[in-house]
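Peer 1: Take this structure, written in structure tokens, and hold onto it; I'll ask about it next.
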Amino acid sequence: PGNYDKISPIIKQSVASEGGDNTLTLTFVLSKNPGGWPTANSTTLTDYTYTLDGTDYTFGLKNVKSNSGYLMLTATAALGLPAIDGKKLTKVVAKNTSGCSTAVKVGISSSSESEDYVPGGGILTWSKQSSTYTYDLTETSTNTVYYMYVTNKNAQITELTLTYE
């Protein structure tokens, strides 16, 4: 655990234990071009894997590209969030840019193809730039990939924090 400057995106990993609860929080800082991520959109879901301290973190990208200073999810895009063995995704916190559309709608879906939102992951309109948007998920399953799903406009993300239990 710690700050790993040697790979991009910069990943800060912390594990907190409280009352026997084992929570894993991963923060992906996307303010620099994440090495190896596409700079052009792909219409097919493509996996990008990062190995950190012996663990692979795989993101699925569909209509997602890396720009200077942020990761862009274009209109009708899906960002597959890593599935962690034995854990379920319980919280997603995304920070957007100062240039992000104030009409973009983002939710957390169980599908990369449709708006199948998980409880707590319903659409939020990112109506303020340079802001943080939080999804407190319930009824998620272990070992399962969930998707940030954009239905319109462009979401521009500078930081993504994922919490697993």
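The values are calculated or read from the model by the stated rules, or taken from the named source; none is laboratory data. A quick note: this is a predicted structure, and the numbers were derived from the prediction, not measured. All Cβ positions, glycine included, derive from the backbone under ideal geometry; neighbour counts span all protein chains shown. Side chains included, ligands, DNA and RNA excluded: accessible areas come from the protein's heavy atoms. Shrake-Rupley method; radii C 1.70, N 1.55, O 1.52, S 1.80 Å.
Peer 1: Determine if segment 55-63 includes at least one residue that is in contact (Cβ under 8 Å) with a residue 24 or more places away in the chain, within 17 Å of Val29 (Cβ to Cβ), hydroxyl-bearing (Ser, Thr, Tyr) and loosely packed, with under 15 Cβ neighbours inside 10 Å.
Peer 2: For segment 55-63, residues in contact (Cβ under 8 Å) with a residue 24 or more places away in the chain, within 17 Å of Val29 (Cβ to Cβ), hydroxyl-bearing (Ser, Thr, Tyr) and loosely packed, with under 15 Cβ neighbours inside 10 Å: absent.
Peer 1: Among residues belonging to segment 111-165 that are aliphatic (A, V, I, L, M) and more than 14 Å from the chain's Cα centre (by Cα), point out the one that is least open to solvent (accessible area, probe 1.4 Å).
Peer 2: Val118
Peer 1: Further question: Confirm whether Gly80 is closer than 17 Å to Thr58 by Cβ and among the small types (Gly, Ala, Ser).
Peer 2: The answer is yes for Gly80.
Peer 1: Output the strands (runs of 3 or more DSSP E) that fall wholly within segment 35-139 and possess 1 or more residues being modelled with pLDDT under 90, or say none.
Peer 2: Hits in segment 35-139: 46-52, 55-67, 70-81.
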